[in-house]
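Undergrad: Once you've had a glance at the structure underneath, I'll fire off some questions.
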Amino acid sequence: MDTSTDGPVSARARSAHKQDPAGVWAPLSGLADAAAQAASTGSVAISRGFDRTSRVRGKALRDLLVERGVSAVEITPALGSERLLAGCEVAAVVNLVGDGSWQPHRLAAKLRAPLFVPGERTATLAGESERDVIGVTAASSGERDVALTRLAVLAETTDGKLEVTRNGETVTIEGGRVEVTLHEGSLDVHLNGVGVEETFAATEIGISTAGTPHRFIRDELPIADFEGALTVATEPVGLRVRAA
């Protein structure tokens, strides 16, 4: 007898206490409206953290977007999380991680989608609402990524060899490194190796490795051993940050 009545009562109780997504956090409704408008023909990527508050806000935002007829995918800064976006046409990214993570900014630039942030926080990592980024394309696969501030490719041993191509001319660097940063809309390229030290400006260069594996560093994140060829180019206004 008790078993037959407890189930429905518990279900009604859970339904009665279900929290309105709009009441979870005040900025969520504005973020949902802005992202839904930008993603009228695509999906929204919600970049959230791992703590309970961020998880609750992420789910509430996703529910608000679903109410507006827009699909959404929650991702985190964890390595591999972006695989959840495979097959999605992402038209907007929402930053629920906070200002301390570069991941939402890099993801928005990589997807060529606007990044929405709460309230008046329209600044990017460099204090701008729009900024250039560095586009990185793998020659073998055509896969594209971005760096927000800098990238570097460096030999692990003196046997490593780098070839850097600019305007059809190639410079070979043995046992050294190439570092690329952005400066006034151009790539600031610094080469350093055995018998070579050179700095020049360019809008696009090619980097290829030979000999031993090299270390590839993008922004603050060292990436695993790298072998192959990359095309590196400036992407004007590649990151756009919008407050909602």
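Undergrad: So, taking all protein chains as they sit and a 1.4 Å probe, how much accessible area belongs to Leu111, in Å² rounded to tens?
TA: Its heavy atoms expose roughly 60 Å² to the probe.
Undergrad: Given just the C-alpha atoms of the chain, how large is their convex hull per residue in cubic angstrom?
TA: 154
Undergrad: For the stretch 28-130, what class follows from the C-alpha gyration tensor (a ≥ b ≥ c being the square roots of its eigenvalues): rounded when a/c is under 1.5, otherwise prolate if a/b is larger than b/c, else oblate?
TA: It comes out rounded by the Cα gyration axes.
Undergrad: Taking the chain as a Gaussian network, Cα atoms linked when under 10 Å apart, which of Ala108, Ala60, Ala138 shows the biggest mean-square fluctuation?
TA: Ala138
Undergrad: In the neighborhood of Asp159, defined by Cβ-to-Cβ distances under 15 Å, what is the net charge if each Lys or Arg adds +1 and each Asp or Glu adds -1?
TA: Overall, the nearby charge balance is -2.
Undergrad: Give a residue-ordered list of calculated ³J(HN,Hα) values for the stretch 212-220 (Karplus: 6.51 cos²θ - 1.76 cosθ + 1.60, θ = phi - 60°; whole Hz; x for Gly, Pro).
TA: 9, x, 10, 9, 10, 10, 10, 6, 8
Undergrad: Taking the Cα centre of the chain as the origin and placing charges on Cβ (Lys, Arg +1; Asp, Glu -1), which of Ala35, Val189, Leu84 is farthest toward the positive end of the dipole?
TA: The listed residue farthest towards the positive side: Ala35.
Undergrad: Taking the Cα centre as origin and putting +1 on Lys and Arg beta-carbons and -1 on Asp and Glu beta-carbons, what dipole magnitude results for the chain, to the nearest 20 debye?
TA: 1160
Undergrad: Helix-only estimate, please: 222 nm mean residue ellipticity of the chain, summing -39500 (n - 2.57) across DSSP H runs of length 4 or more and dividing by its residues, to the nearest 500.
TA: Result for the chain: -7000 deg cm²/dmol, rounded to the nearest 500.
Undergrad: Working from Cα positions, state the angle (0 to 90°, nearest 10) between the long axis of helix 27-38 and the longest principal axis of the chain.
TA: 60
Undergrad: With θ set to phi - 60°, apply the Karplus curve 6.51 cos²θ - 1.76 cosθ + 1.60 along the stretch 111-116 and write out the HN-Hα couplings as whole Hz, x wherever there is a Gly or Pro.
TA: So the Karplus estimates, Gly and Pro as x, are 8, 6, 10, x, 9, 9 Hz.
Undergrad: How far is the Cα center of the stretch 44-73 from the Cα center of the stretch 97-112, in Å?
TA: Result: 16 Å between the Cα centres.
Undergrad: Also, I was wondering about something else. For the chain, what's the relative contact order in percent, using C-alpha pairs closer than 8 Å and at least 6 residues apart?
TA: 18
The values are calculated or read from the model by the stated rules, or taken from the named source; none is laboratory data. Predicted, not measured: the structure shown is a model, and the values here were computed from it. Cβ atoms come from the backbone with ideal geometry, glycine included; neighbour counts cover every protein chain shown. These area figures cover heavy atoms from the full protein model, side chains too; ligands, DNA and RNA do not enter into them. Shrake-Rupley method; radii C 1.70, N 1.55, O 1.52, S 1.80 Å.
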